[in-house]
Amino acid sequence: AAQAFGSVYYVSTDGNDGNAGSMAKPFASLNKANAVVTPGDTVWIRGGVYYLRDTVYVKSYQMTAGIHLTASGESDDNRIHYLAYPGERPIFDGSNLLIGVAYDHDGSVDSVMYTSPIVIEAKYLHLKGFEVRGVPMKHNSNSGIYILYSKHIFLEQIDSHHNSGPGFFVNDGRANGGGHYFLNCDAHDNYDPTGRQGDGENADGFGVHYQESGDTTKFFGCRSWWNSDDGYDFINQEFPVVVEKSYAMGSGYSDFGTKSPINGNGGGFKMGESTMGKGRHSIKYCVAWKNKASGFYANYTSVGSIWYNNTSYKNGDRSFNMASTTYDASGTRTADVAV
C-alpha cells in the first residue's frame with residue numbers, strides 16, 4: 001500500500017510540467033515528479049502511451065535515460081511510490097528516444113553507448129503496474145529498465161517488452177547495494193539484432209550483475225518468454241540472488257518463437273558464473289520449457305547454487321546443466337569443467 005501520510009502527485013499524457021501536479025493539473029513526465037518528491041510521497045500515473053523523446057545524461061555510467069529516477073525514500077516503510085492509477089495502464093514507449101550510437105566510450109556525453117527508457121539510481125522506491133517498451137539500438141543493447149547503483153527497489157507488475165536489449169538489467173557494482181524485489185514482473189519479446197557482440201547476444205529477460213556486497217535481490221512470480229538471449233542471467237554476480245515460483249519459456253528465440261538469432265544463448269535460468277565463490281543463488285519452484293539451450297544452467301560456477309523443486313522440459317539441450325569449475329584469485333579457470 002502507498003504511504004498514507006506523504007504528498008500525492010499525478011502524471012498524465014495531457015499534463016504539463018508547469019502544472020502543480022494535482023489530479024486536475026497533472027505533470028506531464030516522471031522526470032518532473034522525480035524533481036519534487038520526498039520520502040513517503042506517491043505519484044499516480046494515469047493511463048495512456050507516454051512517447052519518450054528527450055533524454056537525461058546519467059553521468060555515473062555515461063549513459064542516457066528517457067526517465068532518470070534519482071530521488072530516494074528513507075526506508076522500506078517510507079518509500080517513494082510510482083503507481084499506475086487504479087484501473088488504468090500507463091505505457092512508456094522508447095521508440096522515439098534519441099539513443100546512444102557510440103561503439104565504445106571515450107568519456108563524454110557525445111559518446112554515449114547505452115540508452116534506456118527508465119534508469120533508476122536511487123533507494124527505496126516502489127514502481128507498480130506499467131509497461132516499458134520499444135527502445136531501439138545502434139551498436140549496443142538497450143535495456144527497458146536499468147537499475148544502477150541502487151538499493152531496495154521494489155518493482156511490482158511491471159511489463160518490459162519489445163526492447164533492443166534486456167527487459168530488466170540490474171547493475172549493483174558498488175558497495176552495499178541490492179536488496180531489490182521483483183514481484184509478478186514480465187519480460188518478453190526483447191531482442192537485440194544489431195549488437196556488436198552478435199545477433200541476439202544480450203537481450204535477457206532479467207539480468208542481475210556485478211554485486212559483491214549488500215542485500216539479496218529476490219524474484220517472485222516473474223515470467224520470461226521469447227527473449228533472444230537468456231530468461232534469467234546472473235553472470236558476474238558475486239552475491240546471492242533468490243528466484244522463486246517464476247518461469248522461463250522460449251529463451252533464445254525471437255518473433256514469437258519463429259526465429260532463432262544466431263548469437264542468442266537460450267538458457268532458461270543461467271545462474272553463473274561466480275569466480276570468487278560468493279554467488280550462491282537459490283532457485284526454487286521454478287519452471288523452464290522450450291528454451292533453445294538448457295532449462296537450468298549453472299554456467300561454470302565455482303560455488304554452486306541451491307536448486308529445489310524445479311521443473312524443466314522440452315528444452316533444446318539438457319533439462320539441468322550443472323557445469324561447474326574452479327578459479328584462482330585472478331579469475332582464471334584452474335580446473336576442467338565438471339558436468
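Odds and ends about this structure:
- With 0.36 nm allotted per residue and the present C-alpha distance subtracted, the residue 35-residue 176 stretch has 48.3 nm of extension available.
- Neighbour cut-off at most 12 other Cβ (10 Å), DSSP loop, trypsin sites (Lys or Arg not before Pro), region 7-90: 53, 59
- Cα-only Debye scattering, region 188-312: base-10 log of I(q)/I(0) at q = 0.19 Å⁻¹: -0.94
- In the complete set of protein chains, residue-level accessible area for residue 226 is approximately 50 Å², probe 1.4 angstrom.
- Fully extending the segment from residue 16 to residue 306, taken as 0.36 nm per residue of separation minus the present Cα-Cα distance, adds 99.4 nm.
- Computed from backbone phi with θ = phi - 60° and the Karplus coefficients 6.51, -1.76 and 1.60, the 3J(HN,Hα) list for region 212-225 is 10, 8, x, 10, 7, 7, 10, 10, 9, x, 8, 9, 10, 8 Hz; x is used for glycine and proline.
- Once the mean of 1/r is taken over each pair of separate Cα atoms and inverted, the chain shows a Kirkwood hydrodynamic radius of 20.0 Å.
- The relative contact order of region 242-339 comes to 26 percent, based on Cα pairs under 8 Å that sit 6 or more residues apart.
- Chain lengthening between residue 74 and residue 8 when straightened (0.36 nm per residue, less Cα-Cα): 22.1 nm
- Cross-link partners of residue 284 among aspartates and glutamates, defined as those whose alpha carbon lies under 14 angstrom from its own and excluding same-chain residues fewer than eight positions apart: 244.
- On the principal axes of its alpha carbon atoms, region 53-153 extends 41, 28, 18 Å, with the longest extent given first.
- Net dipole in debye of the chain [+1 Lys, Arg Cβ; -1 Asp, Glu Cβ; about Cα centre; nearest 20]: 520 debye
- Cα-derived Rg to Rh of region 112-184, Kirkwood definition: 0.97
- Mean Cβ count within 10 Å, highest first, over the residues of peptides 83-90, 24-31: 24-31, 83-90
- For region 189-202, 3J(HN,Hα) per residue [Karplus equation, 6.51 cos²θ - 1.76 cosθ + 1.60, θ = phi - 60°, Hz, x = Gly/Pro]: 6, 8, 7, 10, x, 10, x, 5, 8, x, 6, x, 6, 10
The values are calculated or read from the model by the stated rules, or taken from the named source; none is laboratory data. Note that the structure is predicted; figures quoted are calculated from it, not measured. Here the Cβ is made from the backbone with ideal geometry for all residues, glycine too, and neighbour counts use every protein chain on show. Accessible surface is based on the protein model in full, side chains and every heavy atom, while ligands, DNA and RNA are left aside. Shrake-Rupley method; radii C 1.70, N 1.55, O 1.52, S 1.80 Å.
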